[in-house]
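K.L.:
Got a structure here, written out as structure tokens. Questions coming.
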Amino acid sequence: MSLLNAVLLPPKVKAYLSQGERFIKWDDETTVASPVILRVDPKGYYLYWTYQSKEMEFLDITSIRDTRFGKFAKMPKSQKLRDVFNMDFPDNNFLLKALTVVSGPDMVDLTFHNFVSYKENVGKVWAEDVLALVKHPLTANAPRSTFLDKILVKLKMQLNSEGKIPVKNFFQMFPADRKRVEAALSACHLPKGKPGGAR
């Protein structure tokens, strides 16, 4: 194949990223450590985690600025969290399990998402492979159709127990356009007023 015919292919998400891995998500401000399952959707649009309560949090891959592991990952400052992770013991292997995902709209307003894996070196592999998705040329230079596909992927990942998309998710996805969302749902003969209604 000549260089003139080269086509840039979308990023490939490794199977283990889609299947997910058990981590503990911790926050120094709230001193909370919660077990989660961390995943990347199969198309590589979102890094997301599911709590034991089935609640999900999403992080758009394009908002990730860096991934850090080992001694470069954030360390808990709160004594409560240090005790949870047995950090004051000499044979502690916290650094081999730590992962920090740095996100934000720019390089100044940053948010740190901190995770600790149950197994050693998992944080390192996740940090490298998630950063590879972030740095893929099509991640930052996606065509218009990708943005519509991202909305669909996110809505489909949040199905209720009946396998339907809750109406509230449409309103959360487009908070500034409530009237337009209601009009679109009405035009499709779908429920629009019930907060627990589903598509």
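The values are calculated or read from the model by the stated rules, or taken from the named source; none is laboratory data. Note that the structure is a prediction, hence the values are computed from the model and not measured. Note that each Cβ is placed from the backbone with ideal geometry, even for glycine, and that neighbours are counted across all protein chains shown. Side chains included, ligands, DNA and RNA excluded: accessible areas come from the protein's heavy atoms. Shrake-Rupley method; radii C 1.70, N 1.55, O 1.52, S 1.80 Å.
K.L.:
Subtracting the Cα-Cα distance from 0.36 nm times the residue separation, let me have the gained length for Phe112 to Val125 in nm, one decimal.
P.N.:
2.9 nm
K.L.:
If we count every other residue with Cβ under 13 angstrom of Trp26's Cβ, Lys/Arg +1 and Asp/Glu -1, where does the sum land?
P.N.:
Taking every other residue near Trp26 into account, the sum is +2.
K.L.:
With θ set to phi - 60°, apply the Karplus curve 6.51 cos²θ - 1.76 cosθ + 1.60 along the range 71-78 and write out the HN-Hα couplings as whole Hz, x wherever there is a Gly or Pro.
P.N.:
5, 8, 6, 5, 10, x, 9, 5
K.L.:
Decide, for the chain, between rounded, prolate and oblate: order the square roots of the alpha carbon gyration tensor eigenvalues as a ≥ b ≥ c, take rounded if a/c falls under 1.5, and otherwise choose prolate if a/b is larger than b/c, else oblate.
P.N.:
oblate
K.L.:
Just to make sure I understand: if all protein chains stay in place, what is the order of Leu148, Leu110, Leu96, Leu47 by accessible area at 1.4 Å, largest first?
P.N.:
In descending accessible area the options line up as Leu148, Leu96, Leu110, Leu47.
K.L.:
Here's a follow-up. Just flag the chymotrypsin sites (Phe, Trp or Tyr not before Pro) in the range 50-146 sitting in loop per DSSP whose Cβ has no more than 11 other Cβ atoms within 10 Å.
P.N.:
Here the sparse-neighbourhood loop sites are Tyr118.
K.L.:
Report, to the nearest whole %, how much of the accessible area of the range 117-199 belongs to carbon and sulfur atoms, 1.4 Å probe, protein only.
P.N.:
For the range 117-199, the apolar C and S fraction of the accessible surface comes to 57 percent.
K.L.:
A further question on this structure: With each label point set 7 Å from Cα along the Cα-Cβ vector, what nm distance links Val7 and Gln172?
P.N.:
Once both label points are built, they end up 3.6 nm from each other.
K.L.:
For the range 132-138, what does the Karplus curve 6.51 cos²θ - 1.76 cosθ + 1.60, with θ = phi - 60°, yield as ³J(HN,Hα) per residue in whole Hz, taken in order and with x for Gly and Pro?
P.N.:
5, 5, 4, 8, 4, x, 6
K.L.:
Past 24 Å, Cα to Cα: identify those pairs from Lys77/Lys135; Lys14/Lys150; Lys77/Lys124; Lys77/Lys97; Lys14/Lys119; Lys43/Lys119, in the order given.
P.N.:
Lys77/Lys135; Lys43/Lys119
K.L.:
If you take the square roots of the eigenvalues of the alpha-carbon gyration tensor of the range 21-73 and sort them as a ≥ b ≥ c, do you get rounded (a/c under 1.5), prolate (a/b over b/c) or oblate?
P.N.:
oblate
K.L.:
Applying the Karplus parametrisation 6.51 cos²θ - 1.76 cosθ + 1.60 with θ = phi - 60° to the phi angles of the range 60-70, what ³J(HN,Hα) value in whole Hz is obtained for each residue in order, glycine and proline being reported as x?
P.N.:
4, 4, 5, 8, 6, 9, 6, 10, 10, 9, x
K.L.:
Subtract the Cα-Cα distance of Val32 and Ser18 from 0.36 nm times their separation in residues, and report this length gain in nm to one decimal.
P.N.:
This chain segment gains 2.5 nm when fully extended.
K.L.:
Oh, and also: What do you reckon, how do Met173, Met107 stack up by accessible area (1.4 Å probe), largest on top?
P.N.:
Order by accessible area, largest first: Met107, Met173.
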